[in-house]
Every structure is written in structure tokens, then in C-alpha cells.
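In what follows, a single structure is set out as C-alpha cells and then discussed.
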Amino acid sequence: MPKSHHLDRRADRLIAASTGSGDDLLTVQQLAEWLMLTVQTLEIYRVRGAGPKHVKLSPQVIRYKRSDVLKWLASRTRQSTEKKHKRKVRQRPPRPPRPKPTGRAPQVEA
């Protein structure tokens, strides 16, 4: 997951809106609806190890414990934007100097 994500701004509200037991197992679709993310985004997070912990019940059945999702959301909250990660700017090599214009059009050989 990127260092900063639009989910971070609403993590507190998502935590407050959570209802149910911490032991509830949520389907990928249920979690996507709760977090307002796509199922594909959750799959990407799972593959990259950036999302909440998941439980693999079988090769094609994934579930998320509500308590693990709440912990993950809590880790995404920020107190302020003061320590926001600065984007690294790629340093470009200096450009070679341009030739000075001579005032004449270049000659084209035929």
C-alpha cells in the first residue's frame, strides 16, 4: 500500500462505524463495501502484504477477522499531516548548452 492513501483520512470514521464482534469473519466483498474499496484493491494489498491480516480457509476462500481490520485501520490513522512523507524528486542530469542561433536557416543538401 502506498505510504499515504485516501483511506487514511477516513480510518477513524471507519473504526467508529464498525459494528459486530471482533471475532467476526468478513468476506472480501463485505470488507470492500465497509472500507469503500474494490475487491481488486484488497487483492493487491493482500499480495503485497500491505492490507489487514487475512485467514485462508481454502485456496479460494479468504476471510478477514474484524479485530485485525480494526488494528490495521488504527495503524493507518495520523495525528497530523506535519510528518507527511515527502515525495522523492528524481534528479535530472543537467542539459547540455544549446547552440547559439546564427540568424540563418539551416542549409539542406539536396
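Throughout, read-outs are computed from the coordinates displayed, never taken from laboratory work. All values reported here derive from a predicted model rather than from experimental measurement.
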So who's got an amide H within less than 5 Å of the one on Leu26, skipping anything under 5 residues away but keeping other chains? H placed 1.01 Å off N, in plane. Tyr64, Lys65, Arg66
Note: Lys88 to Asp23 extended length (0.36 nm per residue) minus current alpha-carbon separation gives 19.4 nm
